Amino acid sequence: TTQRFANVRFEGTGAVTLLSDVVATGTLEVATGSTVDASDDVVSISGAFLDPANGMTLQQLNLTGNVTALPATLTAQLSVDATVNLPNAFALTGDVTVNNSRLLIGANQMDVTGDFTVTGSSGLLTMLNAASDVTIGGNATFAGGSHVNQLTNGTLSIGGNFSASGSNTAFVAQTAHA
């Protein structure tokens with residue numbers, strides 16, 4: 001079962017445990033002091049995710065549309081399932097998978113403690129701004145679309161193993177991209 005909301009706000013001192021997956025097409029907000037347990041569910045967002053005190057415990061977060069805000073820090077498995085412009089600097093404890101979609105970093109920093117995977121014929125990581133900075137603590141796998149003109153600026157740091165497969169353009173970084 002999936003519960004669908006345009007906007008949803010969790011507020012109060014009592015703990016809330018989600019019993020099904022949640023889709024929020026507007027704003028999902030966890031007010032400071034609130035506790036929400038979504039550790040057994042998938043939360044999908046295509047709007048703003050506001051959780052300033054990290055009150056939500058997540059297993060899986062899916063970005064499914066025009067994401068306008070993310071918490072500065074988050075622990076979850078992150079799946080990018082639509083074209084997403086990273087709206088702010090973001091530190092993730094967990095893995096990232098870009099599924100047949102596009103993640104644009106912009107002038108932001110993204111830190112990932114786990115693995116980073118780009119997959120599917122339209123899967124892309126886009127870094128066009130000199131201030132783009134992606135740090136991956138684990139392995140990076142590029143098995144997606146053509147990265148020609150997608151990695152033109154910024155810095156990509158990989159702490160684990162690197163692999164590119166599927167085509168000879170699955171990973172192409174320009175000179176200005178470190």
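Observations on the model:
- Scan of region 30-49 for residues that are under 19 Å from the mean Cα position of the chain (by Cα) and surrounded by fewer than 16 Cβ atoms within 10 Å (Cβ to Cβ), ordered by number: SER39, ASP40
Results for (1) in contact with a helix residue (DSSP H, G or I) (Cβ under 8 Å, 6 or more places away or on another chain); (2) among the small types (Gly, Ala, Ser); (3) modelled with pLDDT of 95 or more; (4) farther than 19 Å from ASP21 by Cα, shown as yes or no for each residue.
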site: LEU50; (1), (2), (3), (4): no, no, yes, no
site: ALA69; (1), (2), (3), (4): no, yes, yes, yes
site: THR73; (1), (2), (3), (4): no, no, yes, yes
site: ALA82; (1), (2), (3), (4): no, yes, yes, no
site: ASN85; (1), (2), (3), (4): no, no, yes, yes
site: GLN109; (1), (2), (3), (4): no, no, yes, yes
site: THR119; (1), (2), (3), (4): no, no, yes, yes
site: THR126; (1), (2), (3), (4): no, no, yes, yes
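- Applying the set (1) on the phi > 0 side of the Ramachandran plot; (2) surrounded by fewer than 16 Cβ atoms within 10 Å (Cβ to Cβ); (3) touching a Gly at 6+ places or on another chain (Cβ under 8 Å) to ASN100 leaves exactly one unmet item: (2).
- Filtered residues of region 26-46 (kept if in a loop (DSSP other than H, G, I, E, B) and touching a strand residue (DSSP E or B) at 6+ places or on another chain (Cβ under 7 Å)): ALA31, SER34
- Within this structure, THR169 passes the test of being open to solvent by 30 Å² or more (accessible area, probe 1.4 Å) and farther than 22 Å from LEU78 by Cβ.
The values are calculated or read from the model by the stated rules, or taken from the named source; none is laboratory data. Keep in mind the model is a prediction, meaning the values are calculated, not measured. Heads up, the Cβs are rebuilt from the backbone with ideal geometry, glycines too, and the neighbour counts pull from every protein chain shown. Just the protein is used for accessible areas: all its heavy atoms, side chains included, with ligands, DNA and RNA removed. Shrake-Rupley method; radii C 1.70, N 1.55, O 1.52, S 1.80 Å.
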